Amino acid sequence: QVQLVESGGGLVQAGGSLRLSCAASGSIFSIAAMGWYRQAPGKQRELVATITSGGSTNYADSVKGRFTISRGNAKNTVYLQLNGLKPEDTAVYYCNAYRVLIVGMGQYDYWGRGTQVTVSS
């Protein structure tokens, strides 16, 4: 079984910063990409940023220049640095692991339970 555990959410004033962390654990052989998505109340879940195993990154236009995704030194960890936060960034942020190769089982996608980010004006 694979688990994704997120941390680092919280309440911050507009213009502030947060750092989200996500660690994947289990019988993982490899992960093609990890990323962050978010879902605000009444809205669909949307991509925030992704990073491949090779280090290529992709960002939503709304966060370019403000958010930075990176991989940790520990295997299967990913971070999201959120700077210049705006009230419209308020959402539950979910960690995603894409095409996780499980030893002896196959490839699957996994989601974390989410961490709340609230930005006050």
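The values are calculated or read from the model by the stated rules, or taken from the named source; none is laboratory data. Keep in mind that this is a model prediction, so the values were computed, not measured. FYI the Cβ positions are ideal-geometry reconstructions off the backbone, even for glycines, and counts take in every protein chain you see. Accessible surface areas use protein heavy atoms only, side chains included; no ligands, DNA or RNA. Shrake-Rupley method; radii C 1.70, N 1.55, O 1.52, S 1.80 Å.
Summary table below
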item: Positive-end residue of ALA91, SER120, VAL2, charge dipole of the chain with Cβ unit charges; result: VAL2
item: Top of LEU101, LEU47, LEU82 by mean-square fluctuation, Gaussian network on the chain, Cα under 10 Å; result: LEU101
item: Under 30 Å from the Cα of LYS75 - lysines, other chains or at least 8 residues apart; result: LYS64
item: Residue order for ARG38, ARG66 - accessible surface, 1.4 angstrom probe, largest first; result: ARG66, ARG38
item: Quarter of Cα convex hull surface for the chain, i.e. mean projection, nm²; result: 7.1
item: GNM result for the chain, Cα springs below 10 Å: residue of VAL48, VAL103, VAL63 fluctuating most strongly; result: VAL103
item: GNM result for the chain, Cα springs below 10 Å: residue of ALA91, ALA60, ALA74 fluctuating most strongly; result: ALA74
item: Neighbour net charge for GLY114 - beta-carbon separation under 11 angstrom, K R +1, D E -1; result: +2
item: Surrounding net charge for GLY84, when Lys and Arg each add one and Asp and Glu each subtract one, Cβ distance under 13 Å; result: +1
item: Label-point separation, ARG19 to ASN83 (7 Å along Cα→Cβ), nm; result: 1.3
